[in-house]
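The values are calculated or read from the model by the stated rules, or taken from the named source; none is laboratory data. All values derive from a computational prediction rather than experimental measurement. When we count neighbours, we look across all protein chains shown, and the Cβ atoms used for this are built from the backbone with ideal geometry, even at glycine. Side chains included, ligands, DNA and RNA excluded: accessible areas come from the protein's heavy atoms. Shrake-Rupley method; radii C 1.70, N 1.55, O 1.52, S 1.80 Å.
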Amino acid sequence: MSPRRHSLSTSIAHLHGDERTVGSPLNTAELVALRRTRLFGATGTVLMAIGALGAGARPVVQDPTFGVRLLNLPSRLSTVALTMTTTGAVMMALAWLMLGRFALGRRRMSRSQLDRTLLLWMLPLLVAPPMYSKDVYSYLAQSQISRLGLDPYRVGPAPALGLDHVFTLSVPSLWRETPAPYGPLFLWIGRGISALTGENIVTAVLCHRVVVLLGVGLIVWAVPRLAARCGVAEVSALWLGAANPLLLMHLVAGIHNEALMLGLMLTGTEFALRGITAARPLVPSLRDHPTWSDWAPLAELLAGAVLITMSSQVKLPSLLALGFVAMALGWRWGGDLRAFLLAGTSMSALAAAVTGVIGWASGLGFGWVFTLGTANVVRSWMSPPTLIALGTGQVGILLGLGDHTTAVLSLTRAIGVLIIAVLVVWLLLVVFQGRLHPVGGLGVALGITVLLFPVVQPWYLLWAIIPLAAWATRPQFRIAVIGVTLVVGIFGPTANGDRFALFQIVDATLASAVVVLGLFLLTYRRLPWRALPRASEGATGDLPAQEATPRAAATTDAYADSP
């Protein structure tokens, strides 16, 4: 290996550090500050939910707030509603930042305290109108197309349902003619929701929120277990990943199917790695009269691979996890060419079988393969290849050379995809050699994929943030994630911004800044904006004085401390 490649491998591996102990429980002053921080964040999400009645992505028809005096008031004061939503989002993001004091410090909150905080912050958003995106209405329309026996991978909402259909009316005009880009498992679930709710938009939207909640639940279950496997404190991993404001704003409030994709992917990864590390050899000899305990690791590995493949039938990028599981399996089987081929072939065959069963059982087949590029019509400034092409096109126009943006866009996006392929293959090989933990490899690979993807949406960042939160612990990484989260969360897309004029967005932003500044001054001595005094130390007695990371024995995995 060249020195340059070795340096890159070492720098990636050094994102990971060891955090095998959770630390001491919070003292009395910190418990009071934690409760106030929790209340501050909950107030923010309540404001978001109320503001969503006017600034959210309400349906064009069947709006339950229409004509209801109190509930319809935010829609009459749209700038005020947008100010409430923006203020609430900033409050929640700042509360999350303060919560980090109790997740990363020498004394840390317990797992149950973090779980209760996350649940409290989510509750108001579960009953609010969709926010930051109208994608859920595309979900409803595409599911209805499937329910009617049509192929959602061939026709869009307008041709299949008609422009005046209750679902089509709420779909953004950009997506009314386009086929579905999602996997058959997700549309199969959506078809079941459509059969259950009919054409009732509100009930269908709430059912999709239940699916999101299921996905978030799987994320919360898997992240601490993966963190323990990597020698990372589960509270810090959950705070950075599952409690991230982007998850609350875009997966819960925005109702995106990334929640289900990530939940299945991470859960499957945990089961698969558990099976790989628990047995040697993986498949016991029949002559040894194997018991269930001998076959259990194989069952866990297979279950994990099935779950990962299912996640790819929601959105394809999660299939990367199966590649890293296969490389970890190959390393466990000896790390030679035979092990590489055997592990790769077996996982590929299993994935093909599960994909075929889902395509056959759902009746949707494999048409989704040909619609994966549907979202490429969006020119997202968050995608570096797209941003470079847009900038180059504008330079060409200024120089009088004409508008060649489309041609340059095809080139830069192709180069980006090529770089993704090369780097992901290299990461797979590094994991196969046992020099990088598969969870870290997966997180870095998804980070590269998001960075160089033709289209990048704010919630795509969670593809990388959540798995990396369970592995990377260096302060530089956490500072970068915190910075990106706050910038994208606070200064990213406005809630349903296409309905507002520029002056309304500016007015709401300025008003929110003034309100947040006032709240900061009022709560400066009551909330942990700064480090708490160390005078009132002393355990409260409700937690053990020193708590080892659960399942710490799992860190004996040789990947955890690779150089």
* Where labels lie 7 Å past Cα in the beta-carbon direction, separation of ALA278 and VAL417 in nm -> 3.9 nm
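Based on the Cβ-Cβ distance from LEU206 to ARG499, what FRET efficiency comes out when R0 is 22 Å, to the nearest 0.05?
Working: r = 22 Å, r/R0 = 1.00.
It comes to 0.50.
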* Structure fact -> Here the range 388-403 yields Karplus 3J(HN,Hα) values (6.51, -1.76, 1.60; θ = phi - 60°; whole Hz; Gly and Pro given as x) of 4, 5, 5, x, 5, x, 5, 4, x, 5, 5, 8, x, 8, x, 8
* At 7 Å along the Cα-to-beta-carbon direction for both VAL514 and LEU429, put a label point, then send me their distance in nm to one decimal. => 6.0 nm
* For the range 81-122, what does the alpha-carbon gyration tensor say about shape, rounded, prolate or oblate, given a ≥ b ≥ c as the root eigenvalues, a/c under 1.5 as rounded, and a/b over b/c as prolate? -> oblate
* Based on DSSP H runs of at least 4 residues, each adding -39500 (n - 2.57), what is the mean residue ellipticity at 222 nm of the chain after dividing by all its residues, to the nearest 500 deg cm²/dmol? -> -20500 deg cm²/dmol
* Structure fact -> Row for the range 100-143, column shape: gyration tensor on C-alpha, a ≥ b ≥ c, rounded if a/c < 1.5 i.e. under 1.5, prolate if a/b over b/c, else oblate; value prolate
* To do: Can you figure out the FRET efficiency of SER410 with PHE366, using R₀ = 25 Å and their beta-carbon distance, to the nearest 0.05?
  => 0.50
* Structure fact -> Treating only Lys and Arg (+1) and Asp and Glu (-1) as charged, each at its beta carbon, one finds that the chain has a dipole about its Cα centre, in Debye to the nearest 20, of 960 debye
* Asked: With each label point set 7 Å from Cα along the Cα-Cβ vector, what nm distance links LEU126 and ASP164?
  -> 3.9 nm
* Structure fact -> So the carbon and sulfur contribution to the accessible area of the chain, 1.4 Å probe, in percent, is 68 percent
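Rounded if a/c is under 1.5, else prolate if a/b is larger than b/c, else oblate: which is the range 310-417, with a ≥ b ≥ c the root eigenvalues of its Cα gyration tensor?
Working: a/c = 4.05, a/b = 1.93, b/c = 2.09.
Since a/c reaches 1.5 but b/c is at least a/b, the shape of the range 310-417 is classed as oblate.
Tally Lys and Arg at +1 and Asp and Glu at -1 over the other residues with C-beta under 9 Å from the C-beta of ARG274: what net charge comes out?
Once positives and negatives cancel, what remains is 0.
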* Asked: Tell me, what is the per residue accessible area of the chain in Å², probe radius 1.4 Å?
  -> 42 Å²
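Would you please give the FRET efficiency between LEU399 and ARG379, computed as 1/(1 + (r/R0)^6) with r the Cβ-Cβ distance and R0 = 25 Å, to the nearest 0.05?
Calculated value: 0.75.
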* Asked: Hey, what do the phi angles of the range 361-369 turn into as Karplus ³J(HN,Hα) couplings, whole Hz, using 6.51/-1.76/1.60 and θ = phi - 60°, x for Gly and Pro?
  -> 5, 7, x, 9, x, 10, x, 4, 4
